[in-house]
Amino acid sequence: MVLNNFIVFEGIDGAGTTTQLNLLKETPETRNSYYTAEPSAAPTGVFLRQMLKGSFKITNETAAYLFAADRNEHVNGELFSEGNHLITGIKKACESGKTVICDRYFFSSLAYQSIGCDREVPERLNEGFPLPKLLFYFDIEAKDALKRVDSRGEREIYEKEDFLSRTVTEYRRVISEYSEKGRKEGMKTVIIDATDTRENIAAIIQKEIKALL
Ligand code: TYD
């Protein structure tokens, strides 16, 4: 099922999704949209962010369960927001006619949690979530993305070249599978060259969103 008004940005750490999401907040057409990210800002997501900082260790399989649980609250929970920052309730917000723009979604789980874990686990845990109407995938090699991560400060647990290179391979597989599968259901996938300039990328994104709104 496709959730109308739902837009998702995906890509490895350092691909630039957050920068582009922030630019949209200043754009007239999308200024009144809801903005959100996964892990969510609900307590389930806060717990995951501690794990990402390395506060405790879990297997990638356990991570798959936790990301999916957080996603369930984020998508299917009650609508709760602070200004234009959506905490939970993506489905309710989209169904009320609001546009929701989300940094990461289940494609992240299918890519990151397929490493060191049977791919079937994240696939099974995420099969019930709706598809977005528009999916942007920011394509970049791990070494280029990590240069940006390092210019920002401390690394999180997944921000290692070997791990992220494998994540890129998984992402490309997942995105190609879903661009085909999703198209049949009404989802559009746009692949962005994440090494392009900030301005060019912003122009591509704005054009696609304007066509949708
Ligand atoms: P990121 O999106 O970079 O957020 P921030 O910029 O606030 O640190 O970090 C989230 C990390 O979580 C990133 O390394 C990808 C990982 N992740 C998963 O492994 N699986 C998931 O399902 C999601 C949503 C994120």
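The values are calculated or read from the model by the stated rules, or taken from the named source; none is laboratory data. Bear in mind the structure is a predicted one, so any value in this text is a computation, not a measurement. Quick reminder, even Gly has a Cβ in these numbers, built from the backbone with ideal geometry, and neighbours come from all protein chains shown. Heads up: the accessible areas ignore ligands, DNA and RNA and are worked out on the full protein's heavy atoms, side chains in. Shrake-Rupley method; radii C 1.70, N 1.55, O 1.52, S 1.80 Å.
If I go through the range 64-110 residue by residue, how many of them are among the small types (Gly, Ala, Ser) and part of a helix (DSSP H, G or I)? First the steps, then the outcome.
We begin by selecting, within the range 64-110, every residue among the small types (Gly, Ala, Ser); these are 64, 68-69, 77, 81, 83, 89, 93, 96-97, 108-109.
Narrowing the set further to residues that are part of a helix (DSSP H, G or I) leaves 64, 68-69, 93, 108-109.
Of the residues in that region, 6 qualify.
Residue-level analysis places Thr44 outside the set of residues that are farther than 30 Å from Arg198 by Cα, among the β-branched types (Val, Ile, Thr) and more than 18 Å from the chain's Cα centre (by Cα).
With respect to Glu73, determine if the residue is more than 9 Å from the ligand (Cβ to nearest atom), crowded, with 18+ Cβ neighbours inside 10 Å and under 19 Å from Val46 (Cβ atoms). Lay out the reasoning, then the answer.
Numbers: more than 9 Å from the ligand (Cβ to nearest atom): yes; crowded, with 18+ Cβ neighbours inside 10 Å: yes; under 19 Å from Val46 (Cβ atoms): yes.
Criteria met by Glu73.
Annotation: of all residues in the range 112-121 being more than 8 Å from the ligand (Cβ to nearest atom) and part of a helix (DSSP H, G or I), the one that is most open to solvent (accessible area, probe 1.4 Å) is Glu120.
Residues checked against (1) under 15 Å from Thr17 (Cα atoms); (2) among the charged types (D, E, K, R):
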| residue | (1), (2) |
| --- | --- |
| Glu120 | no, yes |
| Tyr137 | yes, no |
| Arg155 | no, yes |
| Tyr158 | no, no |
| Thr169 | no, no |
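Among the residues of the range 15-63, write down those that are farther than 25 Å from Leu79 by Cβ, open to solvent by less than 10 Å² (accessible area, probe 1.4 Å) and in a helix (DSSP H, G or I). Selection gives Met51, Ala63. Beta carbons closer than 6 Å, at least 6 apart along the sequence or on distinct chains, pair a first residue in the range 6-17 that is within 18 Å of Leu212 (Cβ to Cβ) with a second that is among the charged types (D, E, K, R) for Phe6/Lys133; Phe9/Asp103; Thr17/Asp103. Only one of the numbered conditions (1) closer than 14 Å to Ser33 by Cα; (2) in contact (Cβ under 8 Å) with a residue 60 or more places away in the chain; (3) open to solvent by less than 10 Å² (accessible area, probe 1.4 Å) is violated by Asp103, and that is (3).
Residues in the range 124-140 that are without any contact (Cβ under 8 Å) to a residue 60 or more places away in the chain and open to solvent by less than 80 Å² (accessible area, probe 1.4 Å): Asn126, Gly128, Phe129.
Set side by side, the residues Leu125, Leu79 differ, and just one is within 14 Å of the ligand (Cβ to nearest atom), in contact with a Ser or Thr (Cβ under 9 Å, 6 or more places away or on another chain) and over 23 Å from Ala194 (Cβ atoms), which is Leu125.
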